[in-house]
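Data block below; observations after.
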Amino acid sequence: MEKEKIALIEAIIFASKGISMQKINELTNINQDEINKIIEHLYSKYNNNSESGIELKNIDGYLKFYTKKQYSSHIEKVVKRRSLSTLTNQQLEIVILLATKKEATKKEIDGIRGKDSTNILKQLLYSGVIKRKKSGRAYIYSLTETFKEETLIEELIEELGGAQLDTFRSKNSSSQNNGKR
């Protein structure tokens, strides 16, 4: 492996907010086998090194550098983190749905929840948690990059094993409400 190629891929991952190996291939014209070897090298360089405060993660096919968990108390002093506990159960339901599906129309959200989500979507849009884009006659909703970075919601979903909405809802309801609804 050429040091220049390693440095290039490392810089691209660092500068991105998450990038797929296919996109790295398109940007660099480095063949996929070599990209795989470089990614393995970077995993070893960062994830298995106690002298490094960052690690490389692959979440849903997107590579990104994160700070290691053991330094989170120090990082929180520097980086503002938004707590998921500020969301209502209904808002959290939609956030988890969008974190697992990546994007959904209002009709899909309503269908999964079994009730109208208009007001909750407006609240989430207003507070900068979600964004929407027009697709034909419908809007497609997704989480904002800022919200994902401030909450690390994607890491939470990964830690829960790609939790389905019902699984998370039942875990969250019992821990967050202590039996209240």
| Given Glu93, Glu145, which one is in contact with a Lys or Arg (Cβ under 9 Å, 6 or more places away or on another chain), charged (D, E, K, R) and surrounded by fewer than 17 Cβ atoms within 10 Å (Cβ to Cβ)? | Glu145
| So Glu26 clears everything in (1) closer than 26 Å to Glu4 by Cβ; (2) modelled with pLDDT of 90 or more; (3) surrounded by 15 or more Cβ atoms within 10 Å (Cβ to Cβ) except one condition, right? Which one? | (3)
| Hey, among the residues in region 124-138 that are of a type outside the set (Lys, Arg) and surrounded by fewer than 16 Cβ atoms within 10 Å (Cβ to Cβ), which one's nearest to the chain's Cα centre (by Cα)? | Gly128
| note | Cβ pairs under 6 Å, 6+ apart or interchain, first in region 46-60 and assigned by TED's automatic domain parsing to the domain that holds Ser16, second aromatic (Phe, Trp, Tyr) and part of a strand (DSSP E or B), ordered by first then second residue, are Ile54/Phe65; Glu55/Tyr66; Leu56/Phe65; Lys57/Tyr66
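Conditions tested, residue by residue: (1) modelled with pLDDT of 75 or more; (2) in the same structural domain as Phe65 (by TED's automatic domain parsing); (3) in contact with an Asp or Glu (Cβ under 7 Å, 6 or more places away or on another chain).
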| residue | (1), (2), (3) |
| --- | --- |
| Ile130 | yes, no, no |
| Ser135 | yes, no, no |
| Tyr139 | yes, no, no |
| Ser142 | yes, no, yes |
| Glu145 | yes, no, no |
| Ile157 | no, no, no |
| Gly161 | no, no, no |
| Asp166 | no, no, no |
| Lys171 | no, no, no |
| Filtered residues of region 46-63 (kept if surrounded by fewer than 15 Cβ atoms within 10 Å (Cβ to Cβ) and within 15 Å of Ile9 (Cα to Cα)) | Asn58
| message | Restricting to region 124-140, count the residues that are part of a strand (DSSP E or B) and closer than 11 Å to Ile94 by Cβ. | response | 1
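The values are calculated or read from the model by the stated rules, or taken from the named source; none is laboratory data. Treat the numbers as computed from the prediction; the structure is a model and nothing was measured. Methodologically, a virtual Cβ is constructed for each residue, glycine included, from the backbone with ideal geometry; neighbour enumeration extends over all protein chains shown.
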